[in-house]
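J.: Okay, here's the structure, questions in a sec.
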Amino acid sequence: MVQNFISEKTKIGENVKIWHFSYIGDNVEIGNNVKIGSLAHIDYNVKIGNDTKIEGQTYIPPLTKIGNNSFIGPGCIFTNDPFPMCDKMIGVTIGDNVIIGAGAMLKAGITIKNNSVVGMGSVVTRDVPENVVVMGSPATIRFSREEYDKKQKHWKEN
């Protein structure tokens, strides 16, 4: 028997797939065609856009907003408390068409703008502009999204 917890206060769109042992908290809004991997923890007051994929073992804290057509790799950790332990929290904002690689960590309050990529294992401590690729700890801009897409296309063709 598969054990998921999905709050009765959650709004789930059409064609959503939630894999094993996931937690979905109160007042979460999930768009259409979303996939959520095993052992994901999506806390309360989170909004997830359409056509987004969240891999397993990812933590999405309260107040986070994720846009459309984004990909969150396995084991990512988003935060919402810039000065632990504090009662005042702020979420992370992810734009549309964003890719976040496995194991990335995102500081509370940052925004990753549309069409950007966060490399695996990166620690993102400040906002990421549109159409760039950031990597490292702390994450810094390494190249453009256009260059990333070319590298990906080359990889697929060879």
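J.: Which aspartates and glutamates, if any, have their Cα less than 20 Å from the Cα of residue 107, not counting same-chain residues under 8 positions apart?
T.: Here the aspartates and glutamates satisfying the reach criterion relative to residue 107 are 43, 55, 81, 87, 96, 127, 130.
J.: How large is the charge dipole for the range 5-157, taken about the Cα centre, if only the Cβ atoms of Lys, Arg (+1) and Asp, Glu (-1) carry charge, to the nearest 20 debye?
T.: Once rounded to the nearest 20, the dipole reads 280 debye.
J.: How would you order 113-119, 139-145 from highest to lowest mean count of nearby Cβ atoms within 10 Å?
T.: Top to bottom by mean Cβ count within 10 Å: 113-119, 139-145.
J.: Once you list every other residue whose beta carbon is under 10 Å from the beta carbon of residue 92, what net charge do they have if Lys and Arg are +1 and Asp and Glu are -1?
T.: +2
J.: Looking at the chain only, what percent of DSSP beta bridges run antiparallel? Nearest 5 please.
T.: That works out to approximately 15 percent antiparallel.
J.: Taking neighbour counts of Cβ atoms within 10 Å as a proxy for exposure, in what order, fewest first, do 7, 70 appear? Mind showing how you got there, number by number?
T.: Working: 7 14, 70 25.
Listing 7, 70 from fewest to most nearby Cβ atoms yields 7, 70.
J.: Using the Karplus curve 6.51 cos²θ - 1.76 cosθ + 1.60 with θ = phi - 60°, what ³J(HN,Hα) values do you get for each residue of the range 137-143, in whole Hz, with x for Gly and Pro?
T.: 9, x, 5, 10, 5, 10, 6
Read the figures in this text as sums done on the coordinates, not as results from a lab. Keep in mind the model is a prediction, meaning the values are calculated, not measured. As a convention, Cβ positions derive from the backbone with ideal geometry for all residues, glycine included, and neighbour counts pool all protein chains shown.
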